[in-house]
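Report on the structure given below.
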Ligand code: CP
């Protein structure tokens, strides 16, 4: 890993992808590529973050994100602290901000934060900046807002699949369908920012209750034409190069937004027959966890010719190593 990469990185925290530039995505992809080589080597480890402390503060459940951030930190030789909301002093009335200050006082250099409320990682980052700016914050998923590291591992998965053909413009002209519970999805929002910035056209598809019209207007004018909303599945899937399916987030549905899961699957579930509408070489992605037989049929999910889901999970480690490395070794402070 060159020091040049780290010194050209200027973001102090990674909270949202909304303002990321194609150049920043390129830097992250190149850095993750280098770490993929490290992970394929015999030792699988580098001393890049030796003596740094990475605190994983997960106030909401997680399997993939928490484990892969922990493994990524260990592969970079950092020390790790793992916090879980249910077994912490939160149950005794401590606030999340006092929890964060406790980890800061113990010497945490990087805080990886997941919370069910949008904006919590941002607020903790602001508090940490007021305490001297030594702590960097990574958003590991905040409510319905954003999940930057998931979108970046998705981007890295697409890059690995396409870069041999076109290393720099690998998404130029590609059609990507994002199907499912867009209303509640932080993954959709982060992916819309990254995929359009890298040249893809994103087609959203969901029932009207899960895809408000306003969603079509979240991008700046420069990217607006690269985002299309559909309230039927077929136009989104037709000739798509990739299909990203999203989990129905039953835990975030405060009212009945769907007649039934069975009806959802009948209208929007990705099945082998529906995949035939897409490009011949189409690949399916899903951030996980999957509701099998709801957003995705099991035979499609388990077909290695169609599914990139395992690759997404594998790539999560290299991309999170890249993010920890970039913010852990960068000097300047700009957001
Ligand atoms: N994709 C994702 O965020 O999964 P986890 O909730 O298991 O971390």
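The values are calculated or read from the model by the stated rules, or taken from the named source; none is laboratory data. Note that this is a predicted model, so its numbers are computed, not measured. Neighbour counts run over all protein chains shown; Cβ positions are idealised from the backbone, glycine included.
Is it fair to say residue 70 is under 20 Å from residue 315 (Cβ atoms) and within 16 Å of the ligand (Cβ to nearest atom)? Against the criterion (under 20 Å from residue 315 (Cβ atoms) and within 16 Å of the ligand (Cβ to nearest atom)), residue 70 qualifies. I'd like to know if the range 223-235 contains one or more residues that are at pLDDT below 95 and either in contact with a helix residue (DSSP H, G or I) (Cβ under 8 Å, 6 or more places away or on another chain) or surrounded by 15 or more Cβ atoms within 10 Å (Cβ to Cβ) (or both). Scanning the range 223-235, I find at least one residue that is at pLDDT below 95 and either in contact with a helix residue (DSSP H, G or I) (Cβ under 8 Å, 6 or more places away or on another chain) or surrounded by 15 or more Cβ atoms within 10 Å (Cβ to Cβ) (or both), so the answer is yes.
With respect to residue 83, is the statement that it is at pLDDT below 95 and buried (at least 19 other Cβ atoms within 10 Å of the Cβ) true? Judged against the criteria, residue 83 is a match. Would you confirm whether or not the range 155-162 contains a residue that is touching a strand residue (DSSP E or B) at 6+ places or on another chain (Cβ under 9 Å), within 16 Å of the ligand (Cβ to nearest atom) and in a strand (DSSP E or B)? No, there is no match, as no residue in the range 155-162 is touching a strand residue (DSSP E or B) at 6+ places or on another chain (Cβ under 9 Å), within 16 Å of the ligand (Cβ to nearest atom) and in a strand (DSSP E or B). If you go through the range 75-101 and pick out every residue that is out of contact with any helix residue (DSSP H, G or I) (no Cβ under 8 Å at 6 or more places or on another chain), farther than 30 Å from residue 37 by Cβ and touching a residue at least 12 places away in the same chain (Cβ under 8 Å), you end up with 2. Would you tally the residues in the range 257-274 being touching a strand residue (DSSP E or B) at 6+ places or on another chain (Cβ under 9 Å) and surrounded by 19 or more Cβ atoms within 10 Å (Cβ to Cβ)? The total comes to 3.
Only residues that are farther than 30 Å from residue 75 by Cα, part of a helix (DSSP H, G or I) and either in contact (Cβ under 8 Å) with a residue 24 or more places away in the chain or not assigned by TED's automatic domain parsing to the domain that holds residue 156 (or both) were counted in the range 257-316, giving 10. A residue that is assigned to a loop (DSSP other than H, G, I, E, B) and modelled with pLDDT under 95 occurs nowhere in the range 100-109.
Take the range 284-316 and flag every residue that is exposed (fewer than 13 other Cβ atoms within 10 Å of the Cβ) and more than 14 Å from the ligand (Cβ to nearest atom). 292, 298, 299, 304, 305 - these are the residues of the range 284-316 that are exposed (fewer than 13 other Cβ atoms within 10 Å of the Cβ) and more than 14 Å from the ligand (Cβ to nearest atom). Of all the criteria given as (1) farther than 24 Å from residue 157 by Cα; (2) in contact with a helix residue (DSSP H, G or I) (Cβ under 9 Å, 6 or more places away or on another chain); (3) loosely packed, with under 13 Cβ neighbours inside 10 Å, the one not satisfied by residue 251 is (2).
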